[in-house]
Structure formats: structure tokens, C-alpha cells
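Every read-out reported here was derived from the displayed coordinates using simple, explicitly stated rules and does not represent laboratory data. These numbers come from a predicted model, not from an experiment. Please note: Cβ atoms are built from the backbone with ideal geometry, for glycine as well, and neighbour counts cover all protein chains shown.
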Amino acid sequence: MGVTMKEIATHARVSISTVSRTLNNDPRISERTREKVLRVARKLGYAIEPGSISNGKVIMFFVNNPHRSVESDEFFSNVQRGILQSSSRLNTHCLVQSMRSRRSFDESLIPLDLVDGLIFGGIPMPEPLRLFIPSIKVPVVLIGKYEGLEHYPSVNNDNVRGGYLAASELLKNNYERITVITGPTNVATFSDRLGGFFKCLKENGFSRDRVKILECKSFEESDGRKAIERGFKRSEREALFCTTDWLAKGAMEALREQDVVIPQEIGIIGFGGLDFCRQIRPRLATIALNPYLLGKIATMMLYELLEGNIEARGVIFVEPYVLKGETLLGG
């Protein structure tokens, strides 16, 4: 006789209805409860019945981000949305776990005895986590590009292309000097954006001597503000390229407090395409990304790997695009 939901409920110390909802991917079940029930079910050898909503596979989206939760980070919340919607359509259970940047990494955060596959993402990727990933025996797909993990299947923003597009927009507006406000250049996300940016400038004969780089320890709104407050001196026909929208937003606020008129006195372009770009005034011109699509593709790749399709091992880039705003002279 097979394991019953009642037995699972007894061992997990939850109600039978909670077990039923968990096994049917009910969104009302918390991640902690879902993980506990699924772990008990797997340990007891519960067999998923034919026709059940779940195919018995469990995946996890594990993200490192500096925000309080995935939901408070617009980019990764949209990645998560793509993962959850895709895993639901594939009849696969999906757990979500996040951690904030910190020196130590607690491996118990990842229930390796429960999950069949993992999707990792985060800026930055902490060193302990980066070193831990190669020890994982189940299939792994990365959201982003990380040093030492280049051989893993991954889905990436085409940051080089995005940087190129940002430079092209500034050249169209005939800016004579450019200040770049960027996150840490030892992070591939930002070095790639800068690489594409300077590639475009070089191809168009724009001297690097006319570009100043202000590197920040992080990439949040407060860093953009500090970059302006710490003695930024603008020139005629100058523009700012900020490698995240948050940096651009902070820079805009600091410039506004100095009575600098945007874009008449200085132009600004961001990177990300976050929702607030359309809401602030003037509307922020930016390079827009598609995090939902990153999550969707990553889930499809992981599912193929779980099915044994080694051809799903590869690297996919999602194309960015220019989102017009009001912070450049050309509008």
C-alpha cells in the first residue's frame, strides 16, 4: 500500500488539506511549508499519481540580492515571475530562497535532498556560494555571468550590446563629454556594460580622454547620489551614463537639488528599464532588459536538463533595447 496524504500530514505536522494544496502547487502555501511537506513526501516515497497536477519534480530558484526580499527587487521579482509561471505550466514544483550579501554562506539554505534542479542568480555572487555551486550534483542553470562558472548553462542579459546602445544614444545627441557612474567594475555585469559602451565610442572616434568614470561600491540609488555630491563638476554638452537605473535615479535627485536642469544642462541615460523610469519626471531614458524572459528561458533549459537533454546546455543572451525618455536632448 502506498504512502497516503494522511501519513505525510502526520509526519509534517500539517493538515491533510495543506498536503493536498502543496502537491497541487497552490500559491497560498508558504515556501517554508511547501519545502517541509515536499521533503517529507519524498522521504516517505510518496508516488505522484498519474494525472496529478505535479510531475513530481522539484526545482529551486536561489537568488542573492541586497534587498529585503526577492519581491522588493523589481528585476529579480520579474525573473521569479517568469520562473514560477513556467514551472507551473511544466507541472513542476518551484521553491524560492533568497539571501542577502554576506561574508558567510549557509549551505543548509539549499535543500539538496529535496530539489532535482537549481536556478541561481544574484549581483554580486558571494564567493562562498560561487565555490559551492560546482559541488552540486543536480542540474544547475545560472541567471547571469559569473567568473569561474562560465561553463554552466546560463541565460544572460546581453550587457555588451546594452552598453553599445547606450553609447550610441549619447553620440546621436552630440554630447562632447561623458561621465560614467558604475557599480563595481570587477563584477561582470558592469564590466560588460562598460566594454560595449567603449567599443561604440571607439568605433565612432570618440576619445576616451573625454570620458570620466566614477566607480561605486554598490549600484543602489544612494551610490548615484553620492557620486554627484562628492565633487562632480559638469561641463558643457555633458551626459551621464549610469550602469543601473538606480544609480541614475540617485544622480538625478542630487542634480535636482543643485538646481541642474535635465536634459538642458546635462543628459542622463540609465540601464535596466525598471518601472520607475516611466514614472519619474523627467522620464528616464534607459536601456531596457527583459527579466521575465530570463526566468522563463532558464526554467525551460533546466526542465530539458532534468529530462536528460544535454543539448540544453548552452548560453543564451536576451537582447536589450532603448527605452526613450526625456533625459536626453533628443527626447
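Send over the per residue convex hull volume for segment 67-189, Cα only, as a whole number of Å³.
Hull volume normalised by residue count: 144 Å³.
Counting pairwise Cα distances across segment 231-303, what percent come out greater than 21 angstrom?
In whole percent, the long-distance tail amounts to 35.
Residue 95's amide H: which non-local residues (gap 5+, or another chain) put their own amide H closer than 5 Å, with H modeled 1.01 Å from N in plane and none for Pro or chain starts?
It is 59, 60, 61, by chain and number.
Report the charge-dipole magnitude of the chain in Debye, nearest 20, computed about the Cα centre from +1 at each Lys and Arg Cβ and -1 at each Asp and Glu Cβ.
Dipole size: approximately 400 debye.
Mind scanning 212/249; 172/324; 172/199; 43/296; 202/233; 249/296 and naming the pairs with a C-alpha gap bigger than 21 Å?
From the list (212/249; 172/324; 172/199; 43/296; 202/233; 249/296), the Cα-Cα distance tops 21 Å for 43/296; 202/233; 249/296.
Relative contact order for segment 159-289: what is it in percent, counting Cα pairs under 8 Å that are at least 6 residues apart?
Value for segment 159-289: 26 percent.
Residues with amide H under 5 Å of residue 181's amide H, sequence separation 5 or more or different chain, H placed in the peptide plane at 1.01 Å from N; which?
214, 241, 242, 243
What per residue convex hull volume, in Å³, comes out for segment 160-273 when only alpha-carbon positions are used?
That works out to 91 Å³ per residue.
Could you go through segment 173-186 in sequence order and give the Karplus-derived ³J(HN,Hα) for each residue, using 6.51 cos²θ - 1.76 cosθ + 1.60 with θ = phi - 60°, rounded to whole Hz, and x for Gly and Pro?
Using θ = phi - 60°, the values come out as 8, 6, 6, 9, 9, 9, 10, 9, 10, 10, x, x, 6, 7 Hz.
In whole Å, what are the Cα extents of the chain along the three principal axes, biggest one first?
80, 39, 35
Amide H to amide H under 5 Å from residue 122: which residues, 5+ apart in sequence or cross-chain, H placed 1.01 Å off N in plane?
64
How large is ³J(HN,Hα), in whole Hz, for each residue of segment 77-90 in order, when computed from phi with the Karplus curve 6.51 cos²θ - 1.76 cosθ + 1.60 and θ = phi - 60°, using x for Gly and Pro?
Residue by residue, segment 77-90 yields 5, 6, 4, 4, 4, x, 5, 5, 5, 6, 5, 5, 5, 8 Hz.
I need to check one value: relative contact order of the chain, counting alpha carbon pairs closer than 8 Å and at least 6 residues apart, in percent.
Reported relative contact order: 17 percent.
List, in order, the whole-Hz ³J(HN,Hα) value for each residue of segment 284-295 obtained from phi through the Karplus relation with A = 6.51, B = -1.76, C = 1.60 and θ = phi - 60°; use x for Gly and Pro.
7, 6, 7, 9, 8, 10, 10, x, 4, 5, 4, x
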